[in-house]
Amino acid sequence: MKIRYQRWWLGLALLLIVLPLGACARTQAASRTQIVFWHEMTGPGQDQLKQFAKEFNASQDKYQVVPQYEGSYNEAVQKILHTHGTSASPAVFQSMDVSTSQLYHAHVATPMQKFIDKDNFDVNQISPVARAFYSQGGKQISMPFNTSQPVLYYNASVLKRLGIKAPPVDPSYSDITRVAKAISTKSHGKIKGLTVEEYGWLFEQFMANSDEHLANHEDGRTGIPTKVHLNTPGTQEAMKWVKSNIKSGDFIDYGAGGQAESNEIAAFLAGKLGIFIQSSAYISQLLAGTKDQLGITYYPHRNGKPANGVAIGGASLWIGNDKPKDVQQGAWKFVQFVMSAKAQAQWQAATGYLALNKDSQAQPILQKLYQKYPAAQVPSQQLARIKANTANSGVFMEGVIQERNLTQTAMAQIYNGTPIDKALAIAEKGLNDAVANTNRANHYK
Amino acid sequence: MLESLPKHTNPEEPSKELVPVGLNSATEWRKDRLYVALFLGPSLLILSVFVFWPMLKTMYLSLFLTDNFGHASVFVGFSNYLNLFKNPAYLSSLGATFVYVIAVSILTIILGMVLAVVAQQHLKGIRFFRTLFSSTMGISVSVAAIFWLFAFNPSVGVFAQISQALHLPEINWLADPHFALLAIIMTTVWMNLGFTFLILFGALQQLPSSLFEAAEIAGVSKTAQFFKISLPLISPTLFFVLIVTLIEAFKSFGLIDLMTVGGPNNATNLLVYRVYQDAFLNGNYGLASTESVILTAIIAAITLIQFKLLGKRVSY
């Protein structure tokens, strides 16, 4: 009996100690509104985001932004959908380009346009091509954030050493073939001329740059897509271009996925690969990894046809519609903060993603970067010169991930000898089936 | 695991579990039931929440198309199943999985056995090699993947450099559909080897030396000793290793995700990886559930066949 009596006191004492602590924590949180921010950035991107949150929190005393890393893009989409409406859901979240249509139709976010209109936020300072990707019906769904574009990289030092004329900044397929062939012959096969990763994103860009729509209803911009076209003059020419380079032995195939990217970069940095096409987001890694001079051009276009421009890649920021008004307002303040000219310039310098605020280019941090590496300016120039239209604003369709898997497989088949028509027909049928199923399952008419 | 098999109980002695002793009154019977509920209850509860319910739900979802949130939305009966068996990409995944599983199991066991026999020899410094042989057990999948990715790199990798030096044709291991599966098989076998080696080596070490001394005196050759004495005696262990390796091979995921992401041209898109792709990349939970049910059925069937066919030949 005595023991129980003592325990009772012990419990009470503990409670008395713990309770005020909890209350303290509560009052501290109550003074600032918590803005949970989900993102999927690693490395320098994550560091910079933490820095943004810190600066934003220091700049005002109403809101407290808490950045939380949520794994890969794909995993994050599923988490966003499945936590929506619960206390675990974020106030503001980053979600990848190809999830845009899915999140839009799932109605998990307050359209960005609402905040823009309310505050008369000047959207014209933000890149129009990037905005177009995340708009529907002229309204901004989400705010473009980390943005890259595919560009063509070449080893300028190798070209110089071998006495090869550099490709023009806006090259056609045959311009690149000429350089690739020269690299391979003049190095006696020691340096491979060219690679193009088996990658659905690049496949989409071959179409965008040829002014072609992948899905009907103008890539889903005028209605929900019901049919896709993958076998077009643009894709035919692009695939024939790759095949001709494979045939002449100037091309090296690194396959698909992360390993292909790390392999092509390793080979490029080691001076064993002359040219490759890849996201502009790799620029910092490439500049840091080699003493060789880096050359960059725009995405190659069809022979004798002007480039229509390529779409962006990356991710955008969304504000969840399941949180109270003041939380949403705080999230919007944070979005404005990271879209400022200064923040965007810092972002580009730190990560290689492109600054989307047009006033960022004049910021000292970027001016300094361009002075040191003139080529670093090329991706921003490519982004700035593109006139947004429905063919180069991305495919607004659910199942773009499936599209990427299928086109990636088609590219692998073509690179390994399957006739172009056959490989594209298989992918087209697979995707049409998937689109039909998605529309049926979600009751889209 | 093997100790718990029923064959270990002595058939002369009637099993105590079957005849309840001392349950002569109704209260005691009730008390006993209470104990049964208390002991089994928690595990049954946990199993039903984390195993049975998800299994049933998976079977249920496999009959539906699922919407953006993963909810069942349109009932389609067995058409998910039918579509899969008409899909050439799925059929090639199925084929690749069988090739992979069989190759991995056989190679792992043969090589593990060879290493175990080698490690049994009383040679100088053999302890070092014993540690070395089992060392892959301590290597995580991601580290192994990075290591092999470097080795397979067609420009700067070890294999490329060897073939360049010897003027052999260059093989693009991970990007060529003819070699990618082989590359993954090699990597998996290498990964599995440590575990298999350790188990088989342990089994060999436990065999009584008197048997081999007797065989030695009778003039039985070393080879015959291995095949006629060692192998039959460690057959339960071999059986265990075979089942574990086989099931593990069916479930292979990490190396594929890190090295080939199922490519090139679906050559390494094994069944488990396809389930992951359809569920967590494509968000197509209905189809992914269908694929899971099929995979479960295949693994169950193969395990049953193994018990039926091999179980008889194993001497415990």
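The values are calculated or read from the model by the stated rules, or taken from the named source; none is laboratory data. As the structure is a computational prediction, the values presented were derived from the model and not from experiment. A quick note on method: Cβ atoms are made from the backbone with ideal geometry, for glycine too, and the neighbour counts reach across all protein chains shown.
So here's what we get for this one:
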| read-out | value |
| --- | --- |
| Contacts under 7 angstrom Cβ, first residue in region B:52-71 being more than 8 Å from chain A (Cβ to nearest Cβ), partner exposed (fewer than 14 other Cβ atoms within 10 Å of the Cβ) and part of a helix (DSSP H, G or I), 6 or more apart | none |
| Test: residue in region A:29-48 that is within 14 Å of another protein chain (Cβ to nearest Cβ) and on the phi > 0 side of the Ramachandran plot | no |
| Flag if A:K372 is modelled with pLDDT under 95 and either assigned by TED's automatic domain parsing to the domain that holds A:F133 or surrounded by fewer than 24 Cβ atoms within 10 Å (Cβ to Cβ) (or both) | yes |
| Test: residue in region A:255-275 that is within 14 Å of another protein chain (Cβ to nearest Cβ), at positive phi, small (G, A, S) and assigned to a helix (DSSP H, G or I) | yes |
| Qualifying position, being farther than 26 Å from B:A151 by Cα, at pLDDT 90 or above, out of contact with any strand residue (DSSP E or B) (no Cβ under 8 Å at 6 or more places or on another chain) and among the β-branched types (V, I, T), among B:V293, B:V314 | B:V293 |
| Options A:E55, A:E75; residue that is modelled with pLDDT under 90, surrounded by 12 or more Cβ atoms within 10 Å (Cβ to Cβ) and not hydroxyl-bearing (S, T, Y) | A:E75 |
| Every residue from region A:289-303 that is at pLDDT 95 or above, under 13 Å from A:Y373 (Cβ atoms) and out of contact with any Leu (no Cβ under 9 Å at 6 or more places or on another chain) | none |
| Test result for A:Q285, over 30 Å from A:A106 (Cα atoms), away from chain B (no Cβ under 14 Å) and in a strand (DSSP E or B) | no |
| Residues that are among the polar types (S, T, N, Q) and either in contact with a strand residue (DSSP E or B) (Cβ under 8 Å, 6 or more places away or on another chain) or free of Cβ contacts under 8 Å to residues at least 12 places away in the same chain (or both), drawn from region B:178-235 | B:Q206, B:S209, B:S210, B:S221, B:T223 |
| Residues that are modelled with pLDDT under 95 and more than 22 Å from the chain's Cα centre (by Cα), drawn from region A:274-288 | none |
| Any chance A:A343 is surrounded by fewer than 24 Cβ atoms within 10 Å (Cβ to Cβ) and either closer than 16 Å to A:P67 by Cβ or of a type in the set (D, E, K, R) (or both) | yes |
| First in region A:64-84 and at the interface with chain B (Cβ under 7 Å from one of its Cβ atoms), second anywhere and polar (S, T, N, Q), Cβ under 7 Å, 6 or more apart | A:L81/B:N68 |
| Number of positions in region A:392-434 that are more than 9 Å from every other protein chain (Cβ to nearest Cβ), crowded, with 23+ Cβ neighbours inside 10 Å and outside any helix (DSSP H, G or I) | 6 |
| Options B:S135, B:S210: the member that is modelled with pLDDT of 85 or more and within 21 Å of the chain's Cα centre (by Cα) | B:S135 |
| Matching residues in region A:435-445 - criterion: being surrounded by fewer than 19 Cβ atoms within 10 Å (Cβ to Cβ) and more than 9 Å from chain B (Cβ to nearest Cβ) | A:A436, A:N439, A:Y444, A:K445 |
| Residue in region B:258-268 that is assigned to a helix (DSSP H, G or I), crowded, with 23+ Cβ neighbours inside 10 Å, out of contact with any Lys or Arg (no Cβ under 8 Å at 6 or more places or on another chain) and within 14 Å of chain A (Cβ to nearest Cβ) present | yes |
| Among (1) more than 30 Å from B:T131 (Cβ to Cβ); (2) surrounded by fewer than 17 Cβ atoms within 10 Å (Cβ to Cβ), the one test that B:S209 misses | (1) |
| Single match in A:V228, A:V242, A:V310 (criterion: within 14 Å of another protein chain (Cβ to nearest Cβ) and either touching a residue at least 24 places away in the same chain (Cβ under 8 Å) or within 20 Å of A:S148 (Cα to Cα) (or both)) | A:V242 |
| B:S92 surrounded by 14 or more Cβ atoms within 10 Å (Cβ to Cβ) and more than 16 Å from B:V272 (Cα to Cα) | no |
| Options A:T235, A:T222, A:T195; residue that is closer than 23 Å to A:K387 by Cα, modelled with pLDDT of 95 or more and among the β-branched types (V, I, T) | A:T235 |
| Tally, over region B:253-310, of residues that are of a type in the set (F, W, Y), closer than 25 Å to A:T438 by Cα and without any contact (Cβ under 8 Å) to a residue 12 or more places away in the chain | 1 |
| Test: residue in region A:298-316 that is more than 30 Å from A:K240 (Cβ to Cβ) and not β-branched (V, I, T) | yes |
| Of the criteria (1) closer than 30 Å to B:F69 by Cα; (2) touching a Ser or Thr at 6+ places or on another chain (Cβ under 6 Å), which one A:E403 fails | (2) |
| Qualifying position, being over 18 Å from B:N265 (Cβ atoms) and either touching a residue at least 24 places away in the same chain (Cβ under 8 Å) or of a type outside the set (K, R) (or both), among A:T235, A:T222, A:T195 | A:T222 |
| Residues being facing chain A (nearest Cβ under 7 Å) and within 21 Å of B:G77 (Cβ to Cβ) - total across region B:272-281 | 0 |
| Helices (runs of 4 or more DSSP H) lying entirely in region A:125-189 (those with 1 or more residues that are aromatic (F, W, Y), under 30 Å from A:F334 (Cβ atoms) and not assigned by TED's automatic domain parsing to the domain that holds A:Y298) | A:128-133 |
